[in-house]
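One structure is given below, encoded as structure tokens.
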Amino acid sequence: GPYQAGKYEFRKNLGASAAADVIEKGPKINYDNFTIIPGQRLVDISKNVGELPGLSSAGFDEITNAGDYRSKYMPEGVNNLEGFLLPETYRISAGENEGDIIRNSLQSFEARAEINGLATSGYRGLTPYQVITVASLIEKEARFGGDRAKIASVIYNRLEINMALQIDATVLYGLGRSGGSLSNADLEKDTPYNTYLYKGIPASPISMISMDSLKAALNPDETDYIYYVLTDTKTGEHKFAVTYDEHLANIADAK
């Protein structure tokens, strides 16, 4: 008959007819839920994969480092999957391995990114890879959804006038940290992700991104804003400014 390979549960001394009924229903599949959260780094996802039954962080890292899984949005020679695994909850069956998780998440990301407007031609003179990098900056900076498109406008406005982005999240990424405050010494550390020292977009995305952040990167508000500061820690809202004096006033108003 059309039986499927897999794991089945049988009662002892089960008759042939009853056993056939069990097989016809198909194998018993056990699933574990695995969630990728917007803003997580690849290293965080690797750690969580290692907590799934039968899987390991080492196996995940080996596959990602091998470069066998790539996106059409990656430039030639780039194998870093940071930013390219779609944040959502996946059902992982007992027969799946680390590579299956990467492939499924990467394919889901590409499909959703295309639906949300990302094209292989890029945007505003940026490559798709750079657009995804901008989206990752928005992801790490925006705590309040309504700020995403405004933060995107600040990033593009700074790029246009050749002003350093000065985004703390990029510095933290370069230091291998997911959060916390930065010292003056940290801001002087020379890494490709120090947007205080180097102008322009960082070398790669710094986290996994939500489609909301990607849409903001592709549809920024049209503003003259150059500055923003977190002013309400409860709601996560920022205040935006065109001049540095306005920015200083917003800092003073921060709650």
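The values are calculated or read from the model by the stated rules, or taken from the named source; none is laboratory data. What you see is a predicted model, and the numbers here were worked out from it, not measured in a lab. Cβ atoms come from the backbone with ideal geometry, glycine included; neighbour counts cover every protein chain shown. The accessibility values were calculated without ligands, DNA or RNA, using every heavy atom of the protein model including side chains. Shrake-Rupley method; radii C 1.70, N 1.55, O 1.52, S 1.80 Å.
Worth a mention:
- Exclusive hit being at pLDDT below 95 and polar (S, T, N, Q), set S57, S105, S121: S121
- Considering region 177-196, and only residues there that are touching a residue at least 24 places away in the same chain (Cβ under 8 Å) and open to solvent by 20 Å² or more (accessible area, probe 1.4 Å), the residue that is nearest to Q40 (Cα to Cα) turns out to be S178.
- Of the residues making up region 152-200, those that are under 20 Å from A135 (Cβ atoms), in contact with a helix residue (DSSP H, G or I) (Cβ under 9 Å, 6 or more places away or on another chain) and of a type in the set (D, E, K, R) are D168, K199.
- Residues in region 130-138 include at least one that is within 20 Å of the chain's Cα centre (by Cα) and open to solvent by 20 Å² or more (accessible area, probe 1.4 Å).
- Filter result for F84 (in contact (Cβ under 8 Å) with a residue 60 or more places away in the chain, aromatic (F, W, Y), out of contact with any Asp or Glu (no Cβ under 7 Å at 6 or more places or on another chain) and buried (at least 16 other Cβ atoms within 10 Å of the Cβ)): yes
- Pairs where the first residue, in region 93-117, is of a type in the set (A, V, I, L, M) and the second is in a helix (DSSP H, G or I) and open to solvent by less than 30 Å² (accessible area, probe 1.4 Å), C-beta under 8 Å, 6+ apart: I101/V49; I101/F60; I102/F60; I102/T64; A113/I132; A113/M211; A113/L214
- Inter-residue pairs, beta-carbon under 6 Å, first on the phi > 0 side of the Ramachandran plot and in region 229-251, second surrounded by 12 or more Cβ atoms within 10 Å (Cβ to Cβ), 6+ apart: G236/R143; G236/F144
- Residue that is farthest from the chain's Cα centre (by Cα), among those in region 197-228 that are within 20 Å of A164 (Cα to Cα) and surrounded by fewer than 16 Cβ atoms within 10 Å (Cβ to Cβ): D224
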